[in-house]
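No lab work stands behind these numbers, since they all come straight from the coordinates. No experiment lies behind these values; they were computed from the predicted model shown. Reconstructed Cβ throughout: ideal geometry from the backbone, glycine too, with neighbour counts over all protein chains shown.
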Amino acid sequence: MGKIYGKTSVRRRKKKKRNEQNRLRNIIINFRVSPKEKAVIDARIITSGMKKQDYYRQSCLFQKVLVKGNIRSFDAIRRSLRDISEAVNRNPDLSKLSTEQQESLKMILQILEYLFGGEQNQSR
């Protein structure tokens, strides 16, 4: 009976891998694609020579995203701007915004630049 609870039966925890900023990556993100989309994504991953997780992470973080204006996207923009406005009213220093708020503001500005100005729309 003593062997059941002995040291040999206790699992040793592996040390978690940390990224370059010494942070754990422990969040899982899932999404669905069609078989055709998966084939295209897999071909791009193979061509890149990267690991799948690295490819997905880089793609999500650094690719431009085309947002088509609809009620859902405008509501999300309105909510984000309201949150950012409240944060700025509390502390006018924009560098004190959270990372999420900074990224939201950056994306909102990119969307608005695409919709209402910018180099691409001036040539039309």
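In this structure, Lys64 and Asn26 have a Cβ-Cβ separation that, at R0 = 30 Å, corresponds to a calculated FRET efficiency of about 0.60.
Each residue in Asp42, Asp93 was given a count of other beta-carbon atoms within 10 angstrom of its own, and listing them fewest first yields Asp93, Asp42.
Extending 7 Å from the Cα toward the beta-carbon at both Ser48 and Arg79 defines two label points whose distance is 2.8 nm.
When the Cα gyration tensor is reduced to axis lengths a ≥ b ≥ c, the ratio a/c is 1.5 or higher for the stretch 65-119, and with a/b above b/c it is classed as prolate. Given +1 at the Cβ of Lys and Arg, -1 at the Cβ of Asp and Glu and no other charges, the dipole of the stretch 65-119 around its Cα centre is 200 debye to the nearest 20.
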